[in-house]
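The values are calculated or read from the model by the stated rules, or taken from the named source; none is laboratory data. Keep in mind it's a predicted model, so treat the numbers as computed, not measured. Counting neighbours? That spans all protein chains shown, and the Cβs are built from the backbone with ideal geometry, glycine included. Please note that ligands, DNA and RNA were not included when accessible areas were found on the heavy atoms of the full protein model with its side chains. Shrake-Rupley method; radii C 1.70, N 1.55, O 1.52, S 1.80 Å.
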Amino acid sequence: MGNSKSGALSKEILEELQLSTKFTEEELSTWYQSFLKECPSGRITRQEFQTIYSKFFPEADPKAYAQHVFRSFDANSDGTLDFKEYVIALHMTSAGKTNQKLEWAFSLYDVDGNGTISKNEVLEIVSAIFKMISPEDAKRLPEDENTPEKRAEKIWGFFGKKDDDKLTEKDFIEGTLANKEILRLIQFEPQKVKEKLKEKKP
């Protein structure tokens, strides 16, 4: 390791992030330098997060989705993300383990943070996802999931819930693990996020 260029990134945080995300020291250090350039205070606001997220998806409108992602990773609800929260957000949305991803997805869909998901919350997140899909990709979607309403209906149907039912985290994770279709429908194509992240690496 020796003389790494991690700037002010502490060894403890560096090691913790390497373990929890599998990003290399070099990747983390490079990201930290650019993070400090964008956010000299070492913290990133919701607005700054949206701006950075928009750079990953220049051909789409990720503002609504970025807001929900920000909310789900603002662990202490102080309206900012530090570097650690930011890296974990990038990792979880692109390369996390399935169970970790589903725990995160639950918090993403639980818009009001009350511990359950309603059909309206599913529609809210799915609508945000649809703003990220390019018109060309949208044209290729199957007929029964080519609008946010249809996709939300399909997801809710897979869980076998009535319109006014609620989903607990356990229901959500078990249902999604048991049905790959739900997993496909609830997420914005992570492959695209991975490709964008790779492009951004030095």
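The peptide list 21-28, 73-80, put in order of mean Cβ contacts within 10 Å with the highest first, becomes 21-28, 73-80.
Figure note: Leu81, Leu19, Leu141, Leu177 ranked by solvent-accessible area, largest first, 1.4 Å probe, ligands and nucleic acids not counted: Leu19, Leu177, Leu141, Leu81.
With an a/c value of 1.5 or above and a/b not larger than b/c for the gyration tensor axes a ≥ b ≥ c computed over the alpha-carbon atoms, segment 98-201 is described as oblate. From the Cα gyration tensor of segment 14-96, with a ≥ b ≥ c the square roots of its eigenvalues, which class applies: rounded if a/c is under 1.5, or else prolate if a/b is larger than b/c, or else oblate? Because its axes are fairly even, with a/c under 1.5, segment 14-96 counts as rounded.
Centre-to-centre separation between the Cα atoms of segment 39-88 and those of segment 138-163: 27 Å. Taking all Cα pairs closer than 8 Å and separated by 6 or more residues, the relative contact order of segment 1-147 comes to 21 percent. Taking Asp165, Asp82, Asp110 in turn, the Gaussian network model of the chain (Cα-Cα springs below 10 Å) assigns the largest fluctuation to Asp165. Of Glu153, Glu12, the order by accessible heavy-atom surface (1.4 Å probe, DNA, RNA and ligands excluded), from most exposed downward, is Glu12, Glu153.
When the Cα gyration tensor is reduced to axis lengths a ≥ b ≥ c, the ratio a/c is 1.5 or higher for the chain, and with a/b above b/c it is classed as prolate. Phi-derived couplings, Karplus 6.51 cos²θ - 1.76 cosθ + 1.60 at θ = phi - 60°, listed residue by residue for segment 122-132: 4, 4, 4, 6, 4, 4, 5, 5, 4, 5, 8 Hz, with x used for Gly and Pro.
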